[in-house]
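Input: a single structure, listed below in structure tokens.
The values are calculated or read from the model by the stated rules, or taken from the named source; none is laboratory data. Everything quoted here is computed from the prediction, not taken from an experiment. A quick note on method: Cβ atoms are made from the backbone with ideal geometry, for glycine too, and the neighbour counts reach across all protein chains shown. Quick note on the areas: whole protein, heavy atoms, side chains included, nothing else; ligands and nucleic acids left out. Shrake-Rupley method; radii C 1.70, N 1.55, O 1.52, S 1.80 Å.
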Amino acid sequence: MREIDVQTISDAVRELCIRINYELSGDMQEALMKAAETETSELGGKILGILEENLKVAKEEQIPICQDTGMAVVFLEIGQEVHFTGGDLEEAVNRGVARGYTEGYLRKSVVRDPLDRVNTGDNTPAVIHYQIVQGDQVTITLAPKGFGSENMSRVCMLKPADGEEGVLNAIVSAVKEAGPNACPPVVVGVGIGGTFEKCALLAKKALTRPVGSTSGKPHIAELERKALERINELKIGPAGLGGRVTALAVQIETYPTHIAGLPVGINICCHVNRHIRTVI
Amino acid sequence: MEKHITLPLTNELVSSLQAGDMVYLTGIVYSARDAAHKRMIETLEKKEALPFDLKGQTIYYLGPTPAREGQVIGSAGPTTASRMDKYTPALLELGLKGMIGKGKRSPQVIDSMKKNHAVYFAAVGGAGALLSRQIRKSRVIAYEDLGTEAIREMYVEEFPVIVVIDAQGTDLYQRP
Ligand code: SF4
């Protein structure tokens with residue numbers, strides 16, 4: 001049994017919130033740089049140049065990359081040998097988010113109730129997903145999510161007979177309908193299988209994978225490649241103003257499912273795809 | 001075409017703008033997004049006066065991050081315009097001439113833009129750090145309790161936007 005004070009988790013969350021809103025992870029920076037090399041539209045190329053410049057300014061002048069600094073999504077993988085001390089874990093995570101967003105000059109974008117819509121003032125609560133794993137470590141993955149792209153996401157309950165083609169169509173049409181709203185070039189996280197909620201969660205998780213990594217399953221890696229190719233034939237382009245680079249990557253996670261179903265979750269993320277991980 | 005324009009927008013200026021033009025705006029724009037729009041419409045329904053006169057003005061769909069000591073404003077890029085569609089025609093009827101945001105607009109908004117001779121600009125979404133440099137002054141003039149969603153009067157200089165929908169209703173996102 002390893003004891004971990006929840007304050008350690010809180011401090012780590014605070015730190016991650018701030019870091020990832022001022023500097024994208026290396027995989028995303030690289031993906032954007034590569035995109036700029038392959039874009040053939042003049043305006044599209046210019047916009048990708050603006051995005052690169054924006055990343056530079058954000059880091060150097062300490063201005064958040066985007067004004068939508070997101071709702072904090074936190075994945076906690078907790079080793080079963082860990083014993084938390086020092087108080088409530090969930091409270092600690094939210095305290096970390098509150099401090100990160102306040103002390104880091106980030107935007108408070110969360111309302112306490114989806115209908116009465118009063119801002120909570122500190123960007124809490126976070127959306128927290130817990131998973132119990134082997135070992136005595138805690139892995140924290142933080143993925144603040146902007147809602148321009150979140151709003152264009154969806155779950156499709158396809159039929160088994162729809163097969164691979166059905167999945168491809170669902171992915172491509174989601175990106176097509178998102179168009180300029182999701183701040184392209186986008187990264188598309190897809191979850192296939194499981195149940196209604198499982199596929200959505202897989203899609204969100206897929207977005208936290210290093211951009212450019214491919215699925216370990218050959219047939220799924222092939223599907224990722226095909227989906228990306230078809231999306232980039234849409235010619236939506238950077239900022240939706242035309243061009244080749246509509247998506248930087250399609251990342252798919254799968255799970256076993258029911259004999260009667262083919263659930264597909266499609267979580268669209270903008271080019272400010274923030275994900276950062278730390279192990280405690 | 002590249003154009004440099006001084007706000008407020010006049011009918012002549014609006015007429016000179018075509019979908020696809022790169023425009024650099026200098027002058028006053030007002031920030032307002034979801035909650036501020038809702039409140040403005042409720043104000044109008046109560047037959048009360050809006051916090052600023054819309055005539056000839058430009059609204060920037062924006063909710064910035066807080067400014068640090070010494071900064072005018074924090075990150076300040078556009079938010080998705082379609083969420084304001086429900087409220088927009090009423091504001092256009094009162095003389096609103098320009099809107100800055102990102103993403104598609106509804107047919108109702110485009111019709112109202114044609115009728116009221118207005119223009120919709122897009123700023124590059126997700127470039128809030130860079131865009132914030134063009135905002136030289138900013139002060140909250142109404143709805144301070146809404147935090148980031150308050151209405152700000154901002155002075156922008158050479159603020160880069162692209163005309164996406166012009167007053168003829170031509171929509172750059174709908175290109176063939
Ligand atoms: S969709 Fe992403 S890039 Fe666009 S405004 Fe929202 S967080 Fe920023």
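A quick yes/no check of all residues on (1) of a type outside the set (S, T, N, Q); (2) open to solvent by 30 Å² or more (accessible area, probe 1.4 Å); (3) not in a strand (DSSP E or B):
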| residue | (1), (2), (3) |
| --- | --- |
| B:40 | yes, no, yes |
| B:47 | yes, yes, yes |
| B:59 | yes, no, no |
| B:76 | yes, no, yes |
| B:91 | yes, no, yes |
Return the pairs, sorted by first residue and then second, in which the second residue is among the aromatic types (Phe, Trp, Tyr) and open to solvent by 10 Å² or more (accessible area, probe 1.4 Å), the first residue lies in region B:63-91 and is farther than 15 Å from residue B:36 by Cα, the beta carbons are less than 7 Å apart, and the residues are 6+ apart or on different chains.
B:65/A:105; B:66/A:105; B:68/A:105; B:74/A:105
So the check is Cβ under 9 Å with 6+ separation or different chains; which pairs have a first residue in region A:230-247 that's within 13 Å of chain B (Cβ to nearest Cβ) and of a type in the set (Asp, Glu) and a second one that's surrounded by 19 or more Cβ atoms within 10 Å (Cβ to Cβ) and not in a loop (DSSP other than H, G, I, E, B)?
none
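For (1) buried (at least 16 other Cβ atoms within 10 Å of the Cβ); (2) in the same structural domain as residue A:107 (by TED's automatic domain parsing), each residue gets a yes or a no:
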site	(1), (2)
A:140	yes, yes
A:156	yes, no
A:179	yes, no
A:185	yes, no
A:221	no, no
So the check is Cβ under 7 Å with 6+ separation or different chains; which pairs have a first residue in region B:136-161 that's within 14 Å of chain A (Cβ to nearest Cβ) and within 19 Å of residue B:41 (Cβ to Cβ) and a second one that's open to solvent by 70 Å² or more (accessible area, probe 1.4 Å) and part of a strand (DSSP E or B)?
B:152/B:139
Residues being closer than 19 Å to residue B:75 by Cα and of a type in the set (Phe, Trp, Tyr) - total across region A:98-143:
2
All but one of (1) out of contact with any strand residue (DSSP E or B) (no Cβ under 9 Å at 6 or more places or on another chain); (2) within 16 Å of the ligand (Cβ to nearest atom); (3) open to solvent by 10 Å² or more (accessible area, probe 1.4 Å) hold for residue A:103, so report the exception by its number.
(2)
Being acidic (Asp, Glu) and either more than 12 Å from chain B (Cβ to nearest Cβ) or touching a residue at least 24 places away in the same chain (Cβ under 8 Å) (or both) is true for just one of A:53, A:42, A:60, A:30. Which residue is that?
A:30
